[in-house]
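Worksheet: one structure, shown below.
The values are calculated or read from the model by the stated rules, or taken from the named source; none is laboratory data. Note that the structure is a prediction, hence the values are computed from the model and not measured. For neighbour counting, all protein chains shown are included, and Cβ atoms are generated from backbone atoms with ideal geometry for every residue, glycine included. For the accessible areas, the whole protein counts, side chains as well, though only heavy atoms, and no ligand, DNA or RNA atoms are used. Shrake-Rupley method; radii C 1.70, N 1.55, O 1.52, S 1.80 Å.
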Amino acid sequence: MTEKTHIYVLSDSIGETAELLAKAASIQFDQYLIGEIHKYSFVSEKYQFDEIIDKASTHNSMIVYTLVKSESREYLASQSAKRNVVAIDALGPIIKVLAYLSKSEPKREVGLNRKLNDEYFEKVESVEFAVKYDDGKDPRGILKADIVLLGISRTSKTPLSMYLAYRNYKVANIPLVPEVAPPKELFQISSKKIIGLTNDPEKLNTIRIERLKDMGMKSNSTYANMDRILSELDYAHQLFTKLRCPIINVSAKAIEETASIITSIVSNDNDY
């Protein structure tokens, strides 16, 4: 009976890339032909390479590796050859071609792929946060947020929350209505985290009328009434003054521009 082929995966980081490649390749063969995939993470010392090569040399096996440092790759390749162990460099050839085509040198930093994965999951977490604490659904989010957006209806709170979430900020947004007392949590956090959003009354009137039409409602509803809009704006500005938070008028600004101002305020404590 044919001896099973074992695969030794090693990396100077976690080794996920090499492991995925090994699994993708081995699945193309009958199960009885392929043995275990042995994974070794954070391998960087010569004695570690020697130990793995020794183990691989005792049976029908191969080594698949992702090593960033040139000296590590060269050592593993030379020592594997001496022991007649097949060693496959999973990243080296691709990096070499990219360096040639881009006319630049690779960073040679260990763990960059893991950093990218961490950034991705942080972004997902921020988006989930923005959805969970959108439109004042749960005021407890105010205490956990990096940024809290306040404003009356149609001041771009939700679009801004989502845009900022994609930039890894945890954002809660709170709608302001004169008949509803603001959450007590607003007075328990630093005013530096709070951003008051406002809009021109004429633009709000136009936006709200269109919103009512989209919802199949009459355009003369109180929601779009100018006196009501002015009353809401006055209430919001009184609260902003009480909280001593920055105020941004979004009427003539794109979401990207407003978001840039917000991040500048939050990171640099600028006054706007």
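With respect to the numbered conditions (1) open to solvent by 50 Å² or more (accessible area, probe 1.4 Å); (2) without any contact (Cβ under 8 Å) to a residue 60 or more places away in the chain, which one is the sole condition not fulfilled by TYR223? Of (1) open to solvent by 50 Å² or more (accessible area, probe 1.4 Å); (2) without any contact (Cβ under 8 Å) to a residue 60 or more places away in the chain, only one is false for TYR223: (2). If the Cβ limit is 7 Å and pairs must be 6+ apart or interchain, which residue in segment 179-208 that is surrounded by fewer than 18 Cβ atoms within 10 Å (Cβ to Cβ) pairs with which residue that is among the polar types (S, T, N, Q) and not in a strand (DSSP E or B)? Close Cβ pairs satisfying both conditions: ASP200/SER251; LYS203/SER251. Restricted to segment 18-45, and to residues there that are in contact with a Leu (Cβ under 9 Å, 6 or more places away or on another chain) and over 15 Å from VAL86 (Cβ atoms), the residue that is surrounded by the most Cβ atoms within 10 Å (Cβ to Cβ) is VAL43.
Taking segment 125-155 as the range and being within 14 Å of LYS184 (Cβ to Cβ) and either within 20 Å of the chain's Cα centre (by Cα) or among the β-branched types (Val, Ile, Thr) (or both) as the test, the residues that pass are GLY141, ILE142, VAL148.
Selection over segment 157-190 of residues that are farther than 25 Å from ALA252 by Cβ and touching a helix residue (DSSP H, G or I) at 6+ places or on another chain (Cβ under 7 Å) gives a count of 10. Residues of segment 1-41 that are farther than 15 Å from ILE52 by Cβ and among the acidic types (Asp, Glu): GLU3, GLU16, ASP30. Entry remark, segment 7-17: residues being in contact with a Gly (Cβ under 9 Å, 6 or more places away or on another chain) and open to solvent by 60 Å² or more (accessible area, probe 1.4 Å) number 0 in total. Being under 17 Å from LEU243 (Cβ atoms) and either touching a strand residue (DSSP E or B) at 6+ places or on another chain (Cβ under 8 Å) or not in a loop (DSSP other than H, G, I, E, B) (or both) holds for only one residue in PRO159, PRO178, PRO139, and it is PRO139. When the strands (runs of 3 or more DSSP E) confined to segment 5-85 are screened for residues that are without any contact (Cβ under 8 Å) to a residue 60 or more places away in the chain, among the aliphatic types (A, V, I, L, M) and within 27 Å of GLU105 (Cα to Cα), those reaching at least 1 such residues are found at 5-11, 61-66. Within segment 152-171, the set of residues being closer than 17 Å to SER260 by Cα and among the small types (Gly, Ala, Ser) comprises SER156, SER161, ALA165. Number of residues in segment 86-96 that are in a helix (DSSP H, G or I) and open to solvent by less than 60 Å² (accessible area, probe 1.4 Å) equals 2. Entry remark, segment 238-255: residues being in contact (Cβ under 8 Å) with a residue 12 or more places away in the chain and either open to solvent by less than 60 Å² (accessible area, probe 1.4 Å) or over 33 Å from the mean Cα position of the chain (by Cα) (or both) number 11 in total. In segment 162-173, the residue that is most open to solvent (accessible area, probe 1.4 Å) out of those that are outside any loop (DSSP other than H, G, I, E, B) and out of contact with any Lys or Arg (no Cβ under 8 Å at 6 or more places or on another chain) is TYR163. Restricting segment 181-220 to residues that are part of a helix (DSSP H, G or I) and among the acidic types (Asp, Glu), which is nearest to VAL266 (Cα to Cα)? Per the stated criteria, the residue is GLU185. Per the listing ASP12, ASP30, ASP54, ASP50, the residue uniquely at pLDDT 85 or above and in contact with a Phe, Trp or Tyr (Cβ under 7 Å, 6 or more places away or on another chain) is ASP12.
If the condition is being free of Cβ contacts under 8 Å to residues at least 40 places away in the same chain and open to solvent by less than 10 Å² (accessible area, probe 1.4 Å), then segment 134-161 contributes GLY141, SER161.
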